[in-house]
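Only one structure is covered here, and it is reproduced in the block below.
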């Protein structure tokens, strides 16, 4: 859940004296040596990996010094402050919605002219590119993260349930997901939801957990059922369409009709602090969880007996992709060439072990198409045998970019209308149809189209 919040907003904390000493960009540390600043958020492990990457960049570029501005809390607030004061870093992460605003304002360097000079930049997945206008490339999504069905192998074996498929062509139907979630759900006395005496207030293990309030978790289902958040022009909300209503009612029914998924507060030990997916599976509090690829790192670090499956399917298999923040070069940098080189370097799997360790998925197409390139980041102990079909092939053939990356003003739409509507569906107080038919017209009134897209 914390990682999800980082992808949505970023994070930030005091940057200390290093930030206070800076003007626009890093400036020059001494004559003949460029000094850059790299601003980013992340976990302690990500901090360590990024620090190693920056040291390697300095080793390869002896004329460049890079200062790391690790910012783990309130990232959007701090970055807005730096932008307002014209004290931006040279290169760094940018919350996705903010990247479009800053790109349109000319605060981020246009990378389009550099695509020919740096062929790596021209070889990314099409949905990775972030455009502010025709030939105006303000950044790329930092990683190609997708949503998956994680499960506890021991819970599956104990319940005699089916193992979630790792191949899109064999994906479960929704009904089959529910059937297996029933087998996996037990109360404190070992009863299943369809057995007499089952106590939904004392559930020892839930069969499935899928967030209703986190859009990437359900957007793949929406697309799979032939629906979408908005029409092609980004002017009309489609959440009141029958395809969308069916998806959200099914998610609500997991909690209140089938009683196989946790409702609000049922997983939190205290307050709203829900344990991460790796903890839920390791403790077998939940048997299956819909969550992002980035959970792989925690799974391995926590020694979880896990497996990876593809999401259930309605009509066609889909999963939400490009669930990430943006990476960009800031327009105020005094060392443009060095900054662009650092930008290309910092998301290159050859230089950053976040790919091989399981936190990130690459953006270059060759890492999904060329066998040697695929092996370079997946053929290790951090990636289970089913990873090739459940993640690499699945992302390449069935990934659709998160709609929050493409719809204008999603931050305001989300906070004012969408999130409250999703929370009400999650509460179970009213059917999904009634809530969505009220929310969709309000969202439509706020829609201002989609962000610019451009093919390469």
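What follows is calculated from the coordinates using simple rules that are stated; it is not laboratory data. On a predicted model such as this, the values are computed, not experimentally measured, just so you know. Neighbour counts are summed over all protein chains in view; Cβ atoms, including those assigned to glycine, are modelled from backbone coordinates with ideal geometry.
The table that follows gives values for the structure above.
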{"read-out": "Residues residue 73 and residue 52, FRET efficiency given R0 of 22 Å [Cβ-Cβ distance, rounded to 0.05]", "value": "0.45"}
{"read-out": "Residue order, fewest to most beta carbons within 10 Å, for 210, 237", "value": "210, 237"}
{"read-out": "Taking the C-alpha atoms of the range 114-218, convex hull volume expressed per residue in Å³", "value": "163"}
{"read-out": "Gained length - residue 266 relative to residue 235, 0.36 nm times residue gap less alpha-carbon distance", "value": "7.5 nm"}
{"read-out": "Antiparallel DSSP beta bridges within the chain, percent to nearest 5", "value": "65"}
{"read-out": "Fewest-first ranking of 347, 279, using other Cβ atoms within 10 Å as the exposure measure", "value": "279, 347"}
{"read-out": "Theoretical FRET efficiency, 1/(1+(r/R0)^6), r = Cβ-Cβ of residue 301 and residue 189, R0 45 Å, to 0.05", "value": "0.85"}
{"read-out": "Computed FRET value (nearest 0.05) for residue 454 with residue 412, which takes r as the C-beta separation and R₀ as 35 Å", "value": "0.90"}
{"read-out": "Linear extension gain, residue 437 paired with residue 423, 0.36 nm per residue minus alpha-carbon span", "value": "3.6 nm"}
{"read-out": "Structure-based [θ]222 nm, the chain - -39500 (n - 2.57) summed over DSSP H runs of at least 4, per residue, nearest 500", "value": "-10000 deg cm²/dmol"}
{"read-out": "Sorted peptide list for 58-65, 416-423, criterion being average Cβ within 10 angstrom, highest first", "value": "416-423, 58-65"}
{"read-out": "Ranked 338, 257, 429, criterion: other C-beta atoms within 10 Å, fewest first", "value": "429, 257, 338"}
